[in-house]
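The values are calculated or read from the model by the stated rules, or taken from the named source; none is laboratory data. Computed from a prediction, not measured in an experiment: that's the story for all the values here. Cβ sites come from the backbone with ideal geometry, for glycine too, and all protein chains shown count toward neighbours.
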Amino acid sequence: IKLKEGKMEDGSDGDSYLRAAVSKYLEKWCTDNGYDLNEDGLKIYTTIDSKLQKYAEEAVAEQMKTLQRRFYSVWGNEDPWYDSEKKKVDYPDRAMKNLPIYALLEKKFPNQPDSVAAYFNKKKRMQIFTYKGDRDTLFSTLDSIRYYGKILNTGMMTMEPASGKIKVWVGGIDHKFFKYDHVNQAKRQAGSTFKPFAYLTALEQGMSPCDKFTDKPVKIEYKDKGETKYWEPKNADYSVTYQEMSLRWAMARSVNTITAQVTEKVGWDNVVKYAHACGIDSHLQSVPSVSLGSNDVTVYEMVKAYATFMNKGIKTDPILVEKITDLDNNIIEEFKPKTKRVLSEEIAWLMTYMFRGGMEEPRGTSQALWEWPNLFKKNNQIGGKTGTSSDYVDAWYMGLTKDLVTGVWVGCDERTAHFKNGEQGEGSRTALPIFAKFMDKVYMDPSTGYTYGPFPKATVEITRTYNCPSPQYVRDTSSNDSVEVDSTDFNPTETPEVAEPTTTTEQEVKKDEKKPEPVQNQPATTVPLTKKEERELRRKQRQEERDKKKNENGGN
(Lines give C-alpha, C1' and ligand atoms only; values in the text may rest on other atoms or scores of the structure.)
Protein backbone atom coordinates (compact mmCIF):
# COMPACT_ATOMS: atom_id res chain seq x y z
CA ILE A 1 0.00 0.00 0.00
CA LYS A 2 1.43 3.36 -0.99
CA LEU A 3 -0.20 5.45 1.67
CA LYS A 4 -0.03 8.74 -0.23
CA GLU A 5 -1.96 7.20 -3.11
CA GLY A 6 -3.98 4.69 -1.11
CA LYS A 7 -2.82 1.90 -3.40
CA MET A 8 -2.61 -1.72 -2.28
CA GLU A 9 0.40 -3.73 -3.43
CA ASP A 10 -1.62 -6.95 -3.14
CA GLY A 11 -3.85 -5.89 -6.03
CA SER A 12 -6.95 -4.80 -4.13
CA ASP A 13 -8.29 -1.26 -4.16
CA GLY A 14 -7.50 -0.59 -0.56
CA ASP A 15 -9.76 0.31 2.33
CA SER A 16 -9.71 3.59 4.21
CA TYR A 17 -10.05 1.89 7.59
CA LEU A 18 -7.13 -0.31 6.60
CA ARG A 19 -4.99 2.60 5.44
CA ALA A 20 -5.61 4.39 8.71
CA ALA A 21 -4.82 1.22 10.67
CA VAL A 22 -1.57 0.70 8.76
CA SER A 23 -0.54 4.30 9.41
CA LYS A 24 -1.16 3.83 13.11
CA TYR A 25 0.58 0.44 13.09
CA LEU A 26 3.74 1.96 11.56
CA GLU A 27 3.79 5.22 13.53
CA LYS A 28 6.48 4.12 15.98
CA TRP A 29 8.52 2.37 13.28
CA CYS A 30 8.63 5.56 11.21
CA THR A 31 9.66 7.65 14.20
CA ASP A 32 12.38 5.19 15.21
CA ASN A 33 13.73 4.87 11.65
CA GLY A 34 13.31 8.42 10.38
CA TYR A 35 10.79 7.74 7.61
CA ASP A 36 7.71 9.65 6.47
CA LEU A 37 5.03 7.25 5.23
CA ASN A 38 3.42 9.85 3.01
CA GLU A 39 6.52 11.38 1.44
CA ASP A 40 9.30 8.78 1.19
CA GLY A 41 7.83 6.56 -1.53
CA LEU A 42 7.66 3.47 0.65
CA LYS A 43 5.73 0.42 -0.47
CA ILE A 44 3.90 -1.28 2.37
CA TYR A 45 3.02 -4.96 1.94
CA THR A 46 0.17 -5.79 4.29
CA THR A 47 -0.90 -9.20 5.54
CA ILE A 48 -4.44 -8.61 4.28
CA ASP A 49 -5.80 -11.22 1.86
CA SER A 50 -7.59 -9.25 -0.87
CA LYS A 51 -10.14 -12.02 -1.54
CA LEU A 52 -10.96 -12.53 2.12
CA GLN A 53 -11.21 -8.78 2.60
CA LYS A 54 -13.65 -8.56 -0.30
CA TYR A 55 -15.80 -11.39 1.07
CA ALA A 56 -15.79 -9.85 4.54
CA GLU A 57 -16.89 -6.47 3.21
CA GLU A 58 -19.65 -8.15 1.19
CA ALA A 59 -20.85 -10.10 4.24
CA VAL A 60 -20.85 -6.95 6.35
CA ALA A 61 -22.76 -4.95 3.72
CA GLU A 62 -25.39 -7.68 3.26
CA GLN A 63 -26.04 -8.28 6.95
CA MET A 64 -25.81 -4.69 8.16
CA LYS A 65 -28.33 -3.57 5.56
CA THR A 66 -30.71 -6.25 6.85
CA LEU A 67 -30.08 -5.30 10.48
CA GLN A 68 -30.66 -1.60 9.84
CA ARG A 69 -34.03 -2.37 8.26
CA ARG A 70 -34.84 -4.53 11.29
CA PHE A 71 -33.82 -1.76 13.67
CA TYR A 72 -36.00 0.81 11.91
CA SER A 73 -38.90 -1.66 11.84
CA VAL A 74 -38.60 -2.39 15.56
CA TRP A 75 -38.64 1.25 16.64
CA GLY A 76 -40.76 2.84 13.91
CA ASN A 77 -41.31 6.49 14.80
CA GLU A 78 -40.27 5.91 18.40
CA ASP A 79 -36.86 7.08 19.62
CA PRO A 80 -34.55 4.13 20.49
CA TRP A 81 -32.56 5.84 23.27
CA TYR A 82 -33.08 4.30 26.72
CA ASP A 83 -30.74 3.89 29.67
CA SER A 84 -30.09 0.68 31.66
CA GLU A 85 -33.08 1.48 33.89
CA LYS A 86 -35.38 1.62 30.84
CA LYS A 87 -35.74 5.40 31.15
CA LYS A 88 -35.88 7.53 28.01
CA VAL A 89 -32.73 9.46 27.19
CA ASP A 90 -32.73 12.73 25.25
CA TYR A 91 -29.69 11.74 23.24
CA PRO A 92 -29.96 14.49 20.58
CA ASP A 93 -30.00 17.19 23.26
CA ARG A 94 -27.03 15.66 25.09
CA ALA A 95 -25.05 15.23 21.87
CA MET A 96 -25.83 18.80 20.83
CA LYS A 97 -24.57 20.19 24.15
CA ASN A 98 -21.36 18.18 23.83
CA LEU A 99 -20.45 19.87 20.54
CA PRO A 100 -17.69 22.52 20.85
CA ILE A 101 -19.86 25.01 18.95
CA TYR A 102 -22.55 24.81 21.65
CA ALA A 103 -20.34 26.42 24.31
CA LEU A 104 -19.32 29.16 21.87
CA LEU A 105 -22.95 29.90 21.02
CA GLU A 106 -23.92 30.08 24.69
CA LYS A 107 -21.23 32.71 25.21
CA LYS A 108 -22.34 34.62 22.14
CA PHE A 109 -26.04 34.46 23.11
CA PRO A 110 -26.13 34.46 26.93
CA ASN A 111 -29.57 33.67 28.34
CA GLN A 112 -30.93 33.37 24.80
CA PRO A 113 -31.73 29.65 24.38
CA ASP A 114 -33.96 30.36 21.37
CA SER A 115 -31.03 31.84 19.47
CA VAL A 116 -28.88 28.81 20.26
CA ALA A 117 -31.70 26.46 19.27
CA ALA A 118 -32.21 28.34 16.00
CA TYR A 119 -28.64 27.56 14.98
CA PHE A 120 -29.02 23.83 15.58
CA ASN A 121 -32.42 23.68 13.87
CA LYS A 122 -31.36 25.58 10.75
CA LYS A 123 -31.62 23.38 7.65
CA LYS A 124 -28.67 23.14 5.30
CA ARG A 125 -27.72 20.97 2.37
CA MET A 126 -25.59 17.97 3.27
CA GLN A 127 -24.78 14.49 2.08
CA ILE A 128 -25.76 11.56 4.31
CA PHE A 129 -25.01 7.84 4.39
CA THR A 130 -27.67 5.36 3.24
CA TYR A 131 -27.46 1.74 2.13
CA LYS A 132 -28.77 2.83 -1.26
CA GLY A 133 -25.82 5.17 -1.70
CA ASP A 134 -24.87 8.65 -0.55
CA ARG A 135 -27.89 10.96 -0.55
CA ASP A 136 -28.10 14.76 -0.74
CA THR A 137 -30.68 16.20 1.63
CA LEU A 138 -31.62 19.21 3.75
CA PHE A 139 -30.79 18.48 7.38
CA SER A 140 -30.29 20.62 10.45
CA THR A 141 -27.54 19.75 12.91
CA LEU A 142 -30.16 18.17 15.19
CA ASP A 143 -31.60 16.20 12.26
CA SER A 144 -28.13 14.82 11.59
CA ILE A 145 -27.61 13.88 15.24
CA ARG A 146 -30.96 12.07 15.34
CA TYR A 147 -30.28 10.28 12.05
CA TYR A 148 -26.81 8.99 12.85
CA GLY A 149 -27.77 8.15 16.43
CA LYS A 150 -29.91 5.33 15.04
CA ILE A 151 -27.32 3.82 12.68
CA LEU A 152 -25.89 0.39 13.51
CA ASN A 153 -22.18 -0.13 12.94
CA THR A 154 -19.75 -3.02 13.07
CA GLY A 155 -16.14 -4.10 13.41
CA MET A 156 -14.63 -7.30 12.04
CA MET A 157 -11.15 -8.81 12.08
CA THR A 158 -9.78 -12.18 10.96
CA MET A 159 -6.30 -13.57 11.63
CA GLU A 160 -4.30 -16.74 11.22
CA PRO A 161 -3.60 -17.89 14.79
CA ALA A 162 -0.20 -19.46 14.09
CA SER A 163 1.33 -16.83 11.79
CA GLY A 164 -0.33 -13.86 13.48
CA LYS A 165 -1.17 -12.42 10.05
CA ILE A 166 -4.30 -10.28 9.97
CA LYS A 167 -6.27 -11.33 6.89
CA VAL A 168 -9.38 -9.14 7.24
CA TRP A 169 -9.88 -5.68 8.71
CA VAL A 170 -13.31 -4.05 8.44
CA GLY A 171 -13.42 -1.03 10.73
CA GLY A 172 -17.02 -0.03 10.05
CA ILE A 173 -19.79 0.28 7.49
CA ASP A 174 -18.43 3.33 5.62
CA HIS A 175 -15.21 5.21 6.35
CA LYS A 176 -16.41 8.33 4.54
CA PHE A 177 -19.13 8.93 7.13
CA PHE A 178 -17.85 6.93 10.12
CA LYS A 179 -14.14 7.51 10.72
CA TYR A 180 -14.07 5.72 14.06
CA ASP A 181 -12.49 2.27 13.69
CA HIS A 182 -14.50 -0.45 15.42
CA VAL A 183 -11.66 -2.99 15.30
CA ASN A 184 -8.97 -1.33 17.39
CA GLN A 185 -10.46 1.96 18.60
CA ALA A 186 -13.97 1.18 19.82
CA LYS A 187 -14.09 -0.55 23.19
CA ARG A 188 -17.38 -2.26 23.98
CA GLN A 189 -18.78 -4.68 26.55
CA ALA A 190 -17.74 -8.18 25.54
CA GLY A 191 -20.85 -9.91 26.87
CA SER A 192 -20.71 -13.69 26.89
CA THR A 193 -17.70 -13.82 24.57
CA PHE A 194 -15.71 -13.22 27.77
CA LYS A 195 -17.06 -16.34 29.52
CA PRO A 196 -14.39 -18.67 28.08
CA PHE A 197 -11.78 -16.99 30.28
CA ALA A 198 -13.66 -18.21 33.36
CA TYR A 199 -13.71 -21.76 32.00
CA LEU A 200 -10.05 -21.48 31.03
CA THR A 201 -9.24 -20.50 34.61
CA ALA A 202 -11.20 -23.51 35.84
CA LEU A 203 -9.13 -25.81 33.62
CA GLU A 204 -5.94 -24.12 34.83
CA GLN A 205 -7.00 -24.92 38.40
CA GLY A 206 -7.43 -28.60 37.66
CA MET A 207 -11.03 -28.96 36.55
CA SER A 208 -12.10 -30.76 33.38
CA PRO A 209 -14.77 -30.04 30.76
CA CYS A 210 -16.84 -32.80 32.39
CA ASP A 211 -16.96 -31.26 35.87
CA LYS A 212 -20.51 -30.28 36.76
CA PHE A 213 -22.26 -27.30 38.29
CA THR A 214 -25.98 -26.76 38.85
CA ASP A 215 -28.05 -24.13 37.09
CA LYS A 216 -29.58 -22.53 40.19
CA PRO A 217 -30.14 -19.09 41.74
CA VAL A 218 -26.84 -17.54 42.78
CA LYS A 219 -26.06 -14.84 45.32
CA ILE A 220 -22.44 -13.72 45.51
CA GLU A 221 -21.05 -11.56 48.30
CA TYR A 222 -18.19 -9.21 47.51
CA LYS A 223 -16.48 -6.09 48.82
CA ASP A 224 -16.59 -2.76 47.00
CA LYS A 225 -14.42 -0.09 48.64
CA GLY A 226 -14.89 -1.82 51.97
CA GLU A 227 -18.65 -2.09 51.61
CA THR A 228 -20.29 -5.52 51.50
CA LYS A 229 -22.44 -5.96 48.40
CA TYR A 230 -24.33 -8.80 46.77
CA TRP A 231 -24.68 -9.79 43.14
CA GLU A 232 -27.43 -12.09 41.88
CA PRO A 233 -26.84 -12.90 38.20
CA LYS A 234 -29.71 -14.11 36.07
CA ASN A 235 -30.00 -16.24 32.98
CA ALA A 236 -31.33 -14.47 29.94
CA ASP A 237 -34.98 -15.33 30.62
CA TYR A 238 -34.68 -14.96 34.41
CA SER A 239 -35.35 -18.65 35.09
CA VAL A 240 -33.22 -21.62 36.10
CA THR A 241 -33.49 -25.38 35.50
CA TYR A 242 -31.90 -26.75 38.71
CA GLN A 243 -30.07 -29.10 36.39
CA GLU A 244 -26.47 -30.25 36.57
CA MET A 245 -24.44 -29.31 33.51
CA SER A 246 -20.89 -30.09 32.51
CA LEU A 247 -18.61 -27.11 32.07
CA ARG A 248 -18.61 -27.73 28.32
CA TRP A 249 -22.38 -27.77 28.12
CA ALA A 250 -22.72 -24.70 30.35
CA MET A 251 -20.28 -22.72 28.22
CA ALA A 252 -21.97 -23.90 25.02
CA ARG A 253 -25.37 -22.79 26.30
CA SER A 254 -23.91 -19.64 27.85
CA VAL A 255 -25.49 -20.21 31.27
CA ASN A 256 -24.96 -17.11 33.38
CA THR A 257 -25.63 -18.72 36.77
CA ILE A 258 -23.04 -21.44 36.22
CA THR A 259 -20.46 -19.05 34.80
CA ALA A 260 -20.92 -16.91 37.92
CA GLN A 261 -20.40 -19.95 40.17
CA VAL A 262 -17.28 -20.96 38.27
CA THR A 263 -15.95 -17.41 38.53
CA GLU A 264 -16.55 -17.32 42.28
CA LYS A 265 -14.85 -20.69 42.72
CA VAL A 266 -11.72 -19.83 40.71
CA GLY A 267 -11.56 -16.18 41.77
CA TRP A 268 -12.34 -13.22 39.53
CA ASP A 269 -8.81 -11.90 39.98
CA ASN A 270 -7.57 -15.10 38.32
CA VAL A 271 -10.03 -14.72 35.44
CA VAL A 272 -8.58 -11.26 34.83
CA LYS A 273 -5.05 -12.67 35.03
CA TYR A 274 -5.64 -15.32 32.37
CA ALA A 275 -7.55 -12.94 30.10
CA HIS A 276 -4.56 -10.60 30.17
CA ALA A 277 -2.18 -13.51 29.60
CA CYS A 278 -4.07 -14.59 26.47
CA GLY A 279 -4.00 -11.13 24.91
CA ILE A 280 -6.53 -8.75 26.45
CA ASP A 281 -4.62 -5.50 26.99
CA SER A 282 -7.44 -3.24 28.18
CA HIS A 283 -7.87 -2.53 31.87
CA LEU A 284 -10.24 -5.09 33.36
CA GLN A 285 -12.18 -4.33 36.50
CA SER A 286 -11.90 -7.35 38.80
CA VAL A 287 -15.52 -7.80 39.83
CA PRO A 288 -17.85 -10.83 40.13
CA SER A 289 -19.42 -10.01 36.75
CA VAL A 290 -16.09 -9.95 34.89
CA SER A 291 -16.76 -13.32 33.24
CA LEU A 292 -20.11 -12.14 31.92
CA GLY A 293 -18.31 -9.49 29.90
CA SER A 294 -19.00 -6.35 31.91
CA ASN A 295 -15.68 -4.79 30.84
CA ASP A 296 -15.01 -2.94 27.59
CA VAL A 297 -12.58 -4.49 25.08
CA THR A 298 -11.77 -4.21 21.37
CA VAL A 299 -12.41 -6.68 18.57
CA TYR A 300 -8.64 -6.70 18.00
CA GLU A 301 -7.96 -7.87 21.56
CA MET A 302 -10.61 -10.56 21.49
CA VAL A 303 -9.34 -12.04 18.23
CA LYS A 304 -5.78 -12.05 19.58
CA ALA A 305 -6.87 -13.77 22.79
CA TYR A 306 -9.01 -16.42 21.07
CA ALA A 307 -6.15 -17.11 18.65
CA THR A 308 -4.06 -18.18 21.64
CA PHE A 309 -6.37 -21.17 22.12
CA MET A 310 -6.10 -22.17 18.47
CA ASN A 311 -2.30 -21.75 18.48
CA LYS A 312 -1.68 -24.45 21.10
CA GLY A 313 -1.41 -21.95 23.94
CA ILE A 314 1.07 -19.60 22.26
CA LYS A 315 0.01 -15.96 22.28
CA THR A 316 0.90 -14.37 18.96
CA ASP A 317 0.71 -10.60 18.56
CA PRO A 318 -1.18 -9.88 15.31
CA ILE A 319 0.79 -8.28 12.49
CA LEU A 320 -0.74 -6.07 9.81
CA VAL A 321 2.40 -5.45 7.74
CA GLU A 322 4.71 -8.13 6.31
CA LYS A 323 7.43 -5.96 4.80
CA ILE A 324 8.39 -2.48 3.61
CA THR A 325 10.40 -1.81 0.45
CA ASP A 326 11.62 1.26 -1.39
CA LEU A 327 10.56 2.13 -4.93
CA ASP A 328 13.21 -0.25 -6.33
CA ASN A 329 11.78 -3.13 -4.27
CA ASN A 330 14.74 -3.24 -1.90
CA ILE A 331 13.56 -4.60 1.43
CA ILE A 332 13.84 -2.04 4.19
CA GLU A 333 12.08 -3.99 6.94
CA GLU A 334 10.38 -7.35 7.46
CA PHE A 335 7.98 -7.89 10.33
CA LYS A 336 7.60 -11.01 12.46
CA PRO A 337 5.07 -11.47 15.26
CA LYS A 338 6.08 -11.59 18.90
CA THR A 339 5.14 -14.90 20.47
CA LYS A 340 4.95 -16.23 24.02
CA ARG A 341 3.67 -19.49 25.46
CA VAL A 342 1.00 -18.65 28.03
CA LEU A 343 -0.98 -21.93 28.22
CA SER A 344 -0.01 -25.57 28.10
CA GLU A 345 -0.85 -27.35 24.87
CA GLU A 346 -3.25 -29.63 26.75
CA ILE A 347 -5.22 -26.73 28.23
CA ALA A 348 -5.34 -24.96 24.86
CA TRP A 349 -6.63 -28.10 23.13
CA LEU A 350 -9.29 -28.62 25.79
CA MET A 351 -10.45 -25.05 25.22
CA THR A 352 -10.81 -25.64 21.48
CA TYR A 353 -12.88 -28.71 22.36
CA MET A 354 -15.01 -26.50 24.63
CA PHE A 355 -15.56 -24.02 21.79
CA ARG A 356 -16.81 -26.82 19.55
CA GLY A 357 -19.54 -27.35 22.13
CA GLY A 358 -21.42 -24.34 20.80
CA MET A 359 -22.26 -26.50 17.77
CA GLU A 360 -22.28 -29.94 19.41
CA GLU A 361 -23.97 -29.56 22.80
CA PRO A 362 -27.78 -29.42 23.17
CA ARG A 363 -28.97 -25.88 22.52
CA GLY A 364 -25.47 -24.51 21.99
CA THR A 365 -25.65 -20.83 21.09
CA SER A 366 -23.66 -21.21 17.85
CA GLN A 367 -26.22 -23.50 16.24
CA ALA A 368 -27.74 -20.74 14.13
CA LEU A 369 -24.80 -21.58 11.84
CA TRP A 370 -26.76 -24.60 10.59
CA GLU A 371 -28.67 -22.13 8.40
CA TRP A 372 -25.54 -22.19 6.20
CA PRO A 373 -25.16 -25.93 5.45
CA ASN A 374 -22.20 -25.32 3.13
CA LEU A 375 -20.14 -24.55 6.22
CA PHE A 376 -20.27 -28.19 7.32
CA LYS A 377 -19.18 -30.06 4.21
CA LYS A 378 -16.29 -32.54 4.30
CA ASN A 379 -16.38 -33.01 8.08
CA ASN A 380 -15.69 -29.33 8.65
CA GLN A 381 -15.76 -28.20 12.26
CA ILE A 382 -16.49 -24.74 13.62
CA GLY A 383 -16.19 -23.48 17.16
CA GLY A 384 -17.36 -20.20 18.52
CA LYS A 385 -18.99 -18.06 21.16
CA THR A 386 -21.86 -15.62 20.96
CA GLY A 387 -22.09 -12.55 23.14
CA THR A 388 -24.74 -9.98 23.97
CA SER A 389 -24.39 -7.23 26.55
CA SER A 390 -27.15 -5.90 28.80
CA ASP A 391 -30.16 -4.45 26.97
CA TYR A 392 -28.82 -5.82 23.64
CA VAL A 393 -26.48 -2.84 23.27
CA ASP A 394 -23.51 -4.90 22.03
CA ALA A 395 -23.69 -8.07 19.95
CA TRP A 396 -20.67 -10.28 19.27
CA TYR A 397 -19.61 -13.46 17.58
CA MET A 398 -16.20 -15.09 17.83
CA GLY A 399 -15.80 -17.78 15.16
CA LEU A 400 -13.05 -20.40 15.01
CA THR A 401 -12.01 -22.71 12.18
CA LYS A 402 -8.89 -24.82 11.83
CA ASP A 403 -7.15 -21.96 9.98
CA LEU A 404 -8.78 -18.69 11.03
CA VAL A 405 -10.08 -16.79 14.04
CA THR A 406 -12.69 -14.11 13.38
CA GLY A 407 -14.28 -11.55 15.67
CA VAL A 408 -17.40 -9.53 14.83
CA TRP A 409 -19.08 -6.78 16.87
CA VAL A 410 -22.38 -5.08 16.00
CA GLY A 411 -24.08 -2.15 17.72
CA CYS A 412 -24.81 1.57 17.65
CA ASP A 413 -22.03 4.00 18.48
CA GLU A 414 -24.50 5.63 20.86
CA ARG A 415 -24.87 3.07 23.65
CA THR A 416 -28.38 4.08 24.66
CA ALA A 417 -29.63 2.94 21.23
CA HIS A 418 -30.30 -0.77 20.99
CA PHE A 419 -32.77 -3.48 20.02
CA LYS A 420 -35.71 -4.29 22.28
CA ASN A 421 -35.14 -8.02 22.82
CA GLY A 422 -32.91 -10.99 22.08
CA GLU A 423 -34.96 -12.18 19.14
CA GLN A 424 -33.94 -8.98 17.38
CA GLY A 425 -30.56 -8.10 18.79
CA GLU A 426 -28.60 -10.96 20.36
CA GLY A 427 -25.24 -11.99 18.95
CA SER A 428 -26.50 -15.12 17.22
CA ARG A 429 -28.99 -13.03 15.21
CA THR A 430 -26.79 -10.05 14.40
CA ALA A 431 -23.04 -10.71 14.47
CA LEU A 432 -23.02 -14.47 13.84
CA PRO A 433 -24.57 -14.18 10.34
CA ILE A 434 -21.71 -11.90 9.27
CA PHE A 435 -19.21 -14.62 10.21
CA ALA A 436 -21.36 -17.28 8.53
CA LYS A 437 -21.79 -15.36 5.28
CA PHE A 438 -18.07 -14.57 5.23
CA MET A 439 -16.89 -18.15 5.77
CA ASP A 440 -19.47 -19.44 3.29
CA LYS A 441 -17.97 -17.21 0.60
CA VAL A 442 -14.42 -18.22 1.58
CA TYR A 443 -15.13 -21.95 1.43
CA MET A 444 -16.96 -21.64 -1.88
CA ASP A 445 -13.83 -20.14 -3.47
CA PRO A 446 -11.07 -22.80 -3.58
CA SER A 447 -8.58 -20.21 -4.80
CA THR A 448 -8.45 -18.70 -1.29
CA GLY A 449 -6.55 -21.76 -0.10
CA TYR A 450 -8.69 -22.08 3.02
CA THR A 451 -10.26 -25.52 3.06
CA TYR A 452 -12.82 -27.51 5.00
CA GLY A 453 -11.64 -29.78 7.77
CA PRO A 454 -11.84 -30.74 11.45
CA PHE A 455 -9.96 -29.02 14.24
CA PRO A 456 -6.42 -30.34 14.74
CA LYS A 457 -6.08 -33.42 16.91
CA ALA A 458 -4.20 -33.15 20.16
CA THR A 459 -0.47 -33.69 19.77
CA VAL A 460 0.07 -34.21 23.50
CA GLU A 461 -1.55 -36.61 25.93
CA ILE A 462 -4.88 -35.33 27.24
CA THR A 463 -4.91 -36.41 30.87
CA ARG A 464 -8.35 -35.11 31.81
CA THR A 465 -11.78 -36.42 31.00
CA TYR A 466 -13.54 -34.35 28.39
CA ASN A 467 -15.81 -36.47 26.18
CA CYS A 468 -18.92 -36.72 28.35
CA PRO A 469 -22.54 -36.85 27.15
CA SER A 470 -24.94 -34.09 28.13
CA PRO A 471 -28.14 -35.28 29.86
CA GLN A 472 -31.76 -34.50 29.06
CA TYR A 473 -32.56 -30.84 29.54
CA VAL A 474 -35.58 -29.40 31.29
CA ARG A 475 -36.06 -26.31 29.15
CA ASP A 476 -34.06 -23.66 27.42
CA THR A 477 -33.22 -20.91 29.92
CA SER A 478 -30.14 -19.42 28.36
CA SER A 479 -30.30 -19.34 24.59
CA ASN A 480 -29.65 -15.62 24.80
CA ASP A 481 -26.42 -14.10 26.03
CA SER A 482 -27.54 -10.99 27.88
CA VAL A 483 -25.24 -9.77 30.63
CA GLU A 484 -27.34 -9.02 33.71
CA VAL A 485 -24.71 -7.37 35.89
CA ASP A 486 -26.95 -5.35 38.20
CA SER A 487 -29.89 -7.63 38.88
CA THR A 488 -30.49 -8.13 42.62
CA ASP A 489 -34.21 -8.75 42.95
CA PHE A 490 -34.65 -12.43 42.07
CA ASN A 491 -36.74 -14.45 44.53
CA PRO A 492 -37.47 -18.02 43.37
CA THR A 493 -40.90 -19.35 44.26
CA GLU A 494 -39.39 -22.66 45.32
CA THR A 495 -35.92 -23.71 46.36
CA PRO A 496 -35.37 -27.39 45.58
CA GLU A 497 -32.40 -29.23 46.96
CA VAL A 498 -29.58 -28.84 44.48
CA ALA A 499 -26.25 -30.52 44.00
CA GLU A 500 -22.95 -28.89 44.81
CA PRO A 501 -20.32 -28.67 42.06
CA THR A 502 -18.93 -32.11 41.31
CA THR A 503 -15.67 -33.26 39.83
CA THR A 504 -15.75 -36.12 37.34
CA THR A 505 -13.19 -38.73 38.25
CA GLU A 506 -11.38 -41.13 35.97
CA GLN A 507 -13.44 -43.96 37.46
CA GLU A 508 -16.71 -42.26 36.52
CA VAL A 509 -15.70 -41.59 32.92
CA LYS A 510 -13.27 -43.92 31.21
CA LYS A 511 -10.28 -42.47 29.44
CA ASP A 512 -11.50 -40.32 26.60
CA GLU A 513 -9.09 -41.60 24.00
CA LYS A 514 -11.09 -44.85 24.02
CA LYS A 515 -14.34 -43.05 23.27
CA PRO A 516 -15.14 -41.58 19.86
CA GLU A 517 -15.56 -37.83 19.72
CA PRO A 518 -18.93 -36.61 18.44
CA VAL A 519 -19.03 -35.72 14.76
CA GLN A 520 -20.18 -32.13 14.20
CA ASN A 521 -23.56 -32.99 12.72
CA GLN A 522 -26.76 -31.06 13.20
CA PRO A 523 -28.32 -32.22 16.49
CA ALA A 524 -31.78 -33.67 16.49
CA THR A 525 -34.51 -31.26 17.50
CA THR A 526 -35.46 -31.81 21.13
CA VAL A 527 -38.97 -30.98 22.33
CA PRO A 528 -39.01 -29.18 25.70
CA LEU A 529 -40.70 -31.00 28.57
CA THR A 530 -44.22 -30.19 29.67
CA LYS A 531 -44.73 -28.56 33.07
CA LYS A 532 -45.78 -31.93 34.53
CA GLU A 533 -42.73 -33.70 33.09
CA GLU A 534 -40.58 -30.87 34.34
CA ARG A 535 -41.87 -31.26 37.92
CA GLU A 536 -41.33 -35.02 37.76
CA LEU A 537 -37.76 -34.57 36.57
CA ARG A 538 -37.04 -32.10 39.34
CA ARG A 539 -38.48 -34.47 41.95
CA LYS A 540 -36.35 -37.27 40.55
CA GLN A 541 -33.24 -35.09 40.65
CA ARG A 542 -33.90 -34.12 44.28
CA GLN A 543 -34.48 -37.73 45.30
CA GLU A 544 -31.28 -38.84 43.59
CA GLU A 545 -29.40 -36.14 45.44
CA ARG A 546 -30.89 -37.23 48.78
CA ASP A 547 -29.93 -40.83 48.06
CA LYS A 548 -26.44 -39.75 47.10
CA LYS A 549 -25.97 -37.80 50.34
CA LYS A 550 -27.41 -40.67 52.34
CA ASN A 551 -24.92 -43.11 50.83
CA GLU A 552 -22.07 -40.69 51.46
CA ASN A 553 -23.08 -40.53 55.13
CA GLY A 554 -23.07 -44.30 55.48
CA GLY A 555 -26.79 -44.68 55.18
CA ASN A 556 -27.57 -42.44 58.17
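Observations on the model:
- Glu423 within 30 Å of Glu78 (Cβ to Cβ), of a type outside the set (Ser, Thr, Tyr) and assigned to a loop (DSSP other than H, G, I, E, B): no
- From Arg356, Arg363, residue being at pLDDT below 95 and more than 28 Å from Lys24 (Cβ to Cβ): Arg363
- Looking only at residues in the range 304-347 that are of a type outside the set (S, T, N, Q) and modelled with pLDDT under 95, the one that is surrounded by the fewest Cβ atoms within 10 Å (Cβ to Cβ) is Asp328.
- Residue ID - surrounded by the most Cβ atoms within 10 Å (Cβ to Cβ), chosen from residues in the range 194-251 that are β-branched (Val, Ile, Thr) and without any contact (Cβ under 8 Å) to a residue 60 or more places away in the chain: Val218
- Contacts under 7 angstrom Cβ, first residue in the range 455-469 being farther than 13 Å from Leu247 by Cβ, partner modelled with pLDDT of 95 or more and in a loop (DSSP other than H, G, I, E, B), 6 or more apart: Phe455/Gln381; Phe455/Lys402; Pro456/Lys402
- In the range 165-185 there is at least one residue that is among the hydrophobic types (A, V, I, L, M, F, W, C), out of contact with any helix residue (DSSP H, G or I) (no Cβ under 7 Å at 6 or more places or on another chain), in contact (Cβ under 8 Å) with a residue 60 or more places away in the chain and not in a loop (DSSP other than H, G, I, E, B).
- Matching option when the condition is closer than 30 Å to Pro337 by Cα, at pLDDT 95 or above and not β-branched (Val, Ile, Thr), among Tyr82, Tyr55, Tyr102: Tyr55
- The range 37-87, subset of a type in the set (Val, Ile, Thr), surrounded by 15 or more Cβ atoms within 10 Å (Cβ to Cβ) and part of a helix (DSSP H, G or I), residue nearest to the chain's Cα centre (by Cα): Val60
- Residue match in the range 436-451 (condition: more than 23 Å from Asn311 (Cβ to Cβ), part of a loop (DSSP other than H, G, I, E, B), touching a Leu at 6+ places or on another chain (Cβ under 9 Å) and at pLDDT 50 or above): no
- Filter result (in a loop (DSSP other than H, G, I, E, B) and under 16 Å from Lys265 (Cα atoms)) within the range 214-240: Asp215, Lys216, Pro217, Val218, Lys219, Glu232, Pro233
- Listed conditions (1) buried (at least 24 other Cβ atoms within 10 Å of the Cβ); (2) over 15 Å from the mean Cα position of the chain (by Cα); (3) part of a loop (DSSP other than H, G, I, E, B) are all met by Thr365, apart from (2).
- The set of residues from the range 242-279 being in contact with a Leu (Cβ under 7 Å, 6 or more places away or on another chain) and of a type in the set (Phe, Trp, Tyr) comprises just one member, Tyr274.
- In the range 405-463, residue nearest to Leu369 (Cα to Cα) [restricted to those that are surrounded by 24 or more Cβ atoms within 10 Å (Cβ to Cβ) and of a type in the set (Phe, Trp, Tyr)]: Phe435
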